[in-house]
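Each reported figure results from applying straightforward, stated rules to the coordinates on display, with no laboratory input. Predicted, not measured: the structure shown is a model, and the values here were computed from it.
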Amino acid sequence: MHTAPDLSIIIPASGAATALRQAIDSIGDFARCEILVVTERHAPSVPSDPRIVILRAQGHGANAARNLGLAVARAPLVAFLNPQDRWCVGKLETQMLLHGARSHLGLSFTDHVLIGEAGFDHGSALELAGDFAMRHAGRSLPFALGEEALAQLFAEDVVGTSTVMAQTELLRDSGGFDPGLAAAAPWDAWLRLSTMAPMACIPWVLTEQQLPPQARLRQEAPARLAMMRLVARRHRNAVLCQDA
């Protein structure tokens, strides 16, 4: 691909090959993109697709993989897709139109449905987010979070990583993803970005997020809570200043 793409899609390759192929298939035939598949092991099994570029990471997990993809991304906008998640038809086109119409946006995210074991539908993230849902009740069109974006995202982590589209350079300038924060790193990244540029929400379910098995969630809960507390301490003063 010699012509610079309009969008770089970053996928940290991990887990089953079938899941990765299904994630890539959910991108559809969106032509103006590059698909950066970042692997820590052998080259993954992927569809024959000229948009796909395989990158080799030196370990350190999904956040380091995202940072590697971010470092080499050629497009002005970047989107993230976890290998276990799926995009709905029209997701990319909807966000590209939004960013095209509102070029000042640093980041946009969509609503997403949470899928548990045996395909159980837990509902959408925005339905389950009490304060955020109440604040924006009745909205059916994309909307800006306004000057209180930091406080809103601090109060509730409503942004699913696989729903995000952001300005590539801005995300690089913000520092990307902190590998030391594990699963809490995306929340930290969105909070930092919210202080640098406007953010918007598309209140439509355009992504399916697969939840880990309950046993794994219980096992990882203490470490995840510790990382989220660390992120909260990092941003607490900035939030207090915004609320003042």
Original post:
Let a ≥ b ≥ c be the square roots of the eigenvalues of the Cα gyration tensor of region 138-244; is it rounded (a/c under 1.5), or, if not, prolate (a/b larger than b/c) or oblate?
Top reply: oblate
Original post:
What share of the DSSP beta bridges in the chain is antiparallel, in percent to the nearest 5?
Top reply: 30
Original post:
How are the Cα pair distances of region 164-214 distributed, in percent, across 5 Å bins from 0?
Top reply: 4, 16, 23, 21, 21, 11, 3, 1
Original post:
Expressed as a rounded percentage, what relative contact order does the chain have, with Cα pairs under 8 Å and six or more residues apart?
Top reply: 24
Original post:
In Å and whole numbers, how far do the C-alpha atoms of the chain stretch along each principal axis, longest first?
Top reply: 52, 43, 33
Original post:
In a GNM of the chain with a 10 Å cut-off on Cα contacts, which of Asp85, Asp188, Asp29 has the highest mean-square fluctuation?
Top reply: Asp29
